[in-house]
1. With 10 Å bins from zero, work out the P(r) of the range B:180-224 over every alpha carbon pair and list the percent per bin.
2. Compute the distance from the alpha-carbon center of the range C:30-56 to that of the range A:173-201, in whole Å.
3. Helix by helix through chain D, keep the DSSP H runs that span 18 Å or more along the axis on Cα and average at least -0.5 on Kyte-Doolittle, and give those back in order.
4. Can you give the accessible area of residue A:319 in Å² (nearest 10), computed on protein heavy atoms with a 1.4 Å probe?
5. Amide H of residue C:255: which non-local residues (sequence gap of 5 or more, or other chain) have their own amide H closer than 5 Å, using H built in the peptide plane?
6. Convex hull over the Cα atoms of the range A:45-105, averaged projected area in nm²?
7. Using the Cα atoms as the points, what is the convex hull volume per residue of the range B:95-163 in Å³?
8. Could you tell me the largest-minus-smallest coordinate of the C-alpha atoms of the range C:219-327 on each of the three principal axes, in descending order and whole angstroms?
Protein chains: 4
Amino acid sequence: MSRPEPVGVGVIGAGAMGAAHLRTLVRWVPGAEARAVYDADRPRAEQLGGEVGAEVSGSAQELIASDRVGAIVIAAPDGLHEEFALACLAAGKPTLCEKPLATSPAGSRRVVDAEVAVGRRLVQVGFMRRYDPAYVELRELVAAGTVGPVRMVHCVHRNAQANPDATSEGVIVNSMIHELDVVPWLLDDPVVAVTVSTPTSPPGQMRDAQVAVLETAGGALVTVEVFVNARYGYDVQCEVVGDVGTVRLTPPYGLALRSHGLDGVRVSTDFVDRFADAYRIELAAWVEGVRRREVSGPTAWAGHCADTVAAAGVESLRSGRRVLVADLERPELYR
Amino acid sequence: MSRPEPVGVGVIGAGAMGAAHLRTLVRWVPGAEARAVYDADRPRAEQLGGEVGAEVSGSAQELIASDRVGAIVIAAPDGLHEEFALACLAAGKPTLCEKPLATSPAGSRRVVDAEVAVGRRLVQVGFMRRYDPAYVELRELVAAGTVGPVRMVHCVHRNAQANPDATSEGVIVNSMIHELDVVPWLLDDPVVAVTVSTPTSPPGQMRDAQVAVLETAGGALVTVEVFVNARYGYDVQCEVVGDVGTVRLTPPYGLALRSHGLDGVRVSTDFVDRFADAYRIELAAWVEGVRRREVSGPTAWAGHCADTVAAAGVESLRSGRRVLVADLERPELYR
Amino acid sequence: MSRPEPVGVGVIGAGAMGAAHLRTLVRWVPGAEARAVYDADRPRAEQLGGEVGAEVSGSAQELIASDRVGAIVIAAPDGLHEEFALACLAAGKPTLCEKPLATSPAGSRRVVDAEVAVGRRLVQVGFMRRYDPAYVELRELVAAGTVGPVRMVHCVHRNAQANPDATSEGVIVNSMIHELDVVPWLLDDPVVAVTVSTPTSPPGQMRDAQVAVLETAGGALVTVEVFVNARYGYDVQCEVVGDVGTVRLTPPYGLALRSHGLDGVRVSTDFVDRFADAYRIELAAWVEGVRRREVSGPTAWAGHCADTVAAAGVESLRSGRRVLVADLERPELYR
Amino acid sequence: MSRPEPVGVGVIGAGAMGAAHLRTLVRWVPGAEARAVYDADRPRAEQLGGEVGAEVSGSAQELIASDRVGAIVIAAPDGLHEEFALACLAAGKPTLCEKPLATSPAGSRRVVDAEVAVGRRLVQVGFMRRYDPAYVELRELVAAGTVGPVRMVHCVHRNAQANPDATSEGVIVNSMIHELDVVPWLLDDPVVAVTVSTPTSPPGQMRDAQVAVLETAGGALVTVEVFVNARYGYDVQCEVVGDVGTVRLTPPYGLALRSHGLDGVRVSTDFVDRFADAYRIELAAWVEGVRRREVSGPTAWAGHCADTVAAAGVESLRSGRRVLVADLERPELYR
C-alpha cells in the first residue's frame, strides 16, 4: 500500500516566514512536496530552493501557473497578499495566505468576492494560533462551560523588537490582528466595537505600546496589550475570565534557571519558535484540506472579518474614540 | 530603660475590619494600647472589647472625646467616615480612617479643608497596600529605573464574593479605589482621565466585572480589572511595564498542591489574610507617626485625590465615556 | 525535483507504544512509509494496519524478512525485545527498539555482541528523552558551563497509575531506566554506583515509590524518585545543580485554571502526550539515520549501559546496599 | 484597662541573629521589653543596646542573674549554647536558645537532664520553621490526610554563601538540623536512620553539597539536599509526597521581573528576611509561653532529638554508611 500522490506546494516569499513554512513542509508534512519558490530577491530564493529541493520560479505568476504546483503558500510582503490571493483564485488553486489577507477591508473583501464568484473555498488565512494546542484546548474548555459564561478576556502580545518598517497602524494590522482573529474564535462571538488607547510616545516615535478594549456581540469585554518593542522577548498571554473561574495559557515548555539572584524561565525572542507546533499543525491541516478540496481552517471570510476589526482599531487609534465595527453580511459560502 | 508611654487607641467600628485592626494592634504593635471600642451594635463591641481588653464607649463622640484615647481608628461604615474624621479633627486627635475617606469628593474635600484649618496633618487614610512589602519594593524598582520609563500598568483585583450590599458604583468607590490610590503612588504620577467599561451583565444584576483604563499625567496607560464576584478567591495582581522590562507582584507565599490532575497554589478568599503584613506594618507606622506628631502614610489629600478619580470613574461608568479627572489644587499643607 | 525513496517501516507490536509510533510516522515523518505491522493479537494489528495503510504480517519474522520493510520499530513486550533485535541484526536491517533493549545486561550484551559481529551499528534504543527539546537544551547549557561544574541532579518521574503487571523490579527496569540513560547523557558522565531505598510499602504491595542515589564517575550525585502510582498525573522533573546555579525543566505548555480556590496548571496523565515532540523528533531522526546508514541516537551500547545500571539498581533494591555498577569495556564499534 | 506587666528579656549575643531577635522583639512583640544585651565584643553590644534601649551587661552570667531580666534569648556562638542554657536553668529562667541546643547529643542531653531535675520546661529551641505559616499549614494538611499516607518528603536547603568558618560537619549540625527537626514535626514521625552522601569536592574544600536520605519510624523516606554555597540565593523547598497527591511550599511573596530574556522571581540571599514572619511569630509565642509559664514550641527534648539525628548524620558522612539513630527514651517531662 502506498501513500496518495503528494500535494505539490509552491511558496511565494523566501523571507523568514516563507523559509520557515518551506522547511516545516519538507521536514514534517508527508503529504506535501515543496516544488517551487519565488522571491523578488532571486538569490534568496535560490538559496532556499537549493536547501529544500524546490525549483526557483521566475515570477509569482509563473509559480502559480506551474503544473507542478497544486497549492500555494503566500508569504510575500503584506502589500502583495491580496494580489497573489486573487491570482491563485483565478487559477483555481488553493492557497494558504499569511495574515493579513489584505491591508484593508476593501482589499480582503475583493478576495472574498472573487472566492464567492469561484463558488468554492480555496483560501485559508495564516492565523496559526487556531492550531496551537493550548489555544485549541482553551477554546474547548470555554465551550464546555468550564469557566462559566465569559465576561472578559485579557491578552498580552509582546515582541522583543519591532521590524524596522513598523508603523503605529501596523501594530494593529500586523500584530494585534492575531488577537482580533483568535479571540472571536475562542469565544465564538464577534467583535462589535473597538477602542484603542496608547501611552504617550516620545516625539517622532511610533505609537507603541497600544491597548485595545474590544466589545463582543455577546457582551464580553476584551483587553489587548500589544507592545512590539518589549525587549525581553516574545510573549503571548491570554486569560479568559468567566463567572466561575478563569483559564489561561501557560508559558511554553523549556528551561528555568536559578542564578544571580533570580529564579526564572527563559523567554524566547522568536515567534516562529514560540508557535512552531502551531505552524506545523497548520501546514499539515492545510495540506490535508487541499487534498480533501476543503478549507477547514480560517477562511477568507475570517481574514476579512479580522481586517474589518483592524480597520476599526486603526480609526480608533487615530481618533481616540470608540469605533463600531462595520456590520458585515456573511456570504452563503461561509455559513 | 523603659518604653515610652503607649499611644491609647480607640476603634470605631467592630466589624471585620475594625476587629482585625484591634487584634493586630494588641498582638503586634508594642507602642499602642487598645483602650476603647465603639459599635452601633453594642453586643458586638462588647465581645470585641472583652477579647482585647478595651472598654466599650457609649458613642463615637464619647470615644473620640475620651482622655484615655489619644488616637482613633475609623472602621465604621463608609457613609460615616467623613463625619467621624471631622469629629477627630475637631478634637485635635490623629486618626487612621479606613478607605474611602468619604463617599464623594465633596465629602473628602470637607475633611481636607477642616485639616487645613487645623493647620496640622492628623488624618491618615487606610490605603494599606502602600505598606505591602512587595508593593514597596515595586515602587523602589520603578523609581530606580529598573524597567525603564513606564508605559503601562496592568492591575487585576478580584474578590471571591461581593458584600450583599455591593453596588455597581461601589465596585469603583470601594474596591477599585485601592488601585486608584496605589497606582499613582507607584508611579509618582497622578491619574488625569478614566474610562470605565463593563461586560454586559445579566438583567437586574450589578455591573460586575469592570475594566477601567486610566491615563496618567506622565502619559502612562493603566488597565484595571475589578471583579468582585470572581468566585475562586481573592486575587490582586499588578504588572508595571516599562521600556526595558516589566515587574510584577508574585502570588503570596503558601502551599502548592499536586492532586487530581492539577498542580497549583491555593488562593485565599480573605483579603485581611492576603494583606496581613501590610495591615500590621501600616498600623505600626501609623502609631509611630502619632508619637512623632506626623502623618507619614497616605494623607487626607491622598484620600481626596482617590475619591476624585473614583468620582470620574463613576461618571464614566454611567455615561460610557472617557472622563477627565477634575484638576485639584494641592493645599500648602500637603506639599 | 522529487523526494528520495521513502524508508519502508514495519512495526512489531500494535499496543499503545507501537500504535503511537505508527501514527506519528504516518502523520509527521515524510521520509518513511508505514508498510507492515505485526501483533500477536491479530485483530489489533488489523485495526491499526487498516488505519494507517500498512499490511499485517503473519509473524514478526515474516515482517522482518519482508522485502518491503527496510527498517523495523520494535514495540513488542519487553521480554521479546532482545529476540527481535537479534533477528533484525541477523537480517541486516536497522531497528528502533523500545527500551529496555533487553530485560538483563546479559541480554543486551548479546545484542551488542551480535551487532559488533555485524560490524555496523543498526540498533537504536528508544530513549526518546534525548530528543526532547528542553532536555537537549539542558544538555547544551550544562556543556557550556552555564551552571558551573555539576554537583547534583534531582529527578522526579511519576506516573498516574502503574500497569497492572508492574513489579518492584520493573519500577527500575521499565521506568527509572529513562533516568539511568538520560542523566549520564546530560552530564556526559557514566553512573558508577547505585543505592536504592524505598518507603515502607503496605504488605503484599509492590515497592513503590523508590528513591535511587546515583554516583557518577565524575563525582556528581543524582537523586531519582520514581513513583508509578502517583495518582495526580504524569510528571517528569529534572534539575541540574552546579557550582554557580541550577537549570531545570519547566512544566509542559498548556493551560492554567483559576477555580475553586486553586490556581494551577493541568497535569496530563499521558506520557505519550507529554513527550509527543520527543517521539516525533526521535522517529524523524531515526529515519534520517536509516537513510544515511548510521545511528545518530542512543546505540545498543547505550541500551546495554542502562541495563547494567538498572541491574545494579535491582540488586540494591533487594539487598538494601550500595551497589557498584559493573565496569564495562566499550567495543571499538561504539567509540 | 492596661496591659499585663511586660516580660523583661535579655539577649546573649549581639551578632546577626541576636540583633535580629532584639529588633523584632522591640518592634513587634508588645508583651516584652528588651532590657539587657551581652556580647563578648562589648562595642557591638553597646551599639545594639543603644539602638533598642537595652542596657549592656558585663557578662552572660550577670545578664542571666539580673533582676530586670525575666527571660533570656541565647544567640551566642554554637559552642556556648549548652553552657548558657544550663546557667538559665540553674537560675530558673525561661530561655529561647538558638539551634543547635548543643554541639553534641551528650551536650543537649545534659540540658535535658538539668531541665528534668528542675522539673519544669524552661528551654525552647529556636527551630523557627515550626512557626512559618506555610509550614504550619503544610503540617495541618498532612495531618488531615490531604495527600494520603506520606511516602516521601523532598527537602532542598540552599544558602548563597557559607560562613567563613563552615565545616563539612557543620553542614549537618548547623544547616541540615532545621530539616532534622522540621520533618519529624511535619510528619509526627521520628527519624530512625540516616545516610549522607556527597558529590566529590575539590581537594582541600569542605564537603558541600550534601544529600541525606532519612528513614522515619513510620516508613517514610526523606531526601534532604543542603548546599551552603549555592550562590544564587537562600532557597528552602519542601515537598511532601503522599499516596494521593503532594503538597509543597511555594516561593516567598515578592516580585517577578521580565527582562533580558528571563521571566523570573527574585531570590533573597538573606535567611533572616526569608523567615522574618516565622521569627516574629516564634518570639511572640515564646513570650506568651513565658507569661503562661509553659513552653509551647520546640522543647529541649526536640533539640536533643535533632542533635541525635545530626550526630548520626555526621557519622554517616564520615563512614559513608547508613547509620541508625540512637534510640532515645523520652523523659516524663516531655510526654
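The values are calculated or read from the model by the stated rules, or taken from the named source; none is laboratory data. From a predicted model like this one, the values you see are computed outputs, not experimental measurements. Note: ideal-geometry Cβ built from the backbone for every residue, glycine included; neighbour counts use all protein chains shown. Accessible surface areas use protein heavy atoms only, side chains included; no ligands, DNA or RNA. Shrake-Rupley method; radii C 1.70, N 1.55, O 1.52, S 1.80 Å.
1. Binned Cα distances yield the sequence 27, 42, 22, 9.
2. So the two Cα centres are separated by 46 Å.
3. Correct list, ordered by number: D:105-118, D:276-292, D:300-319.
4. 60
5. When sequence neighbours closer than 5 places are left aside, the close amide H contacts are A:250, C:266.
6. Directional mean of the projected Cα hull area for the range A:45-105 stands at 4.3 nm².
7. Given the Cα convex hull of the range B:95-163, per-residue volume reads 167 Å³.
8. 54, 46, 35
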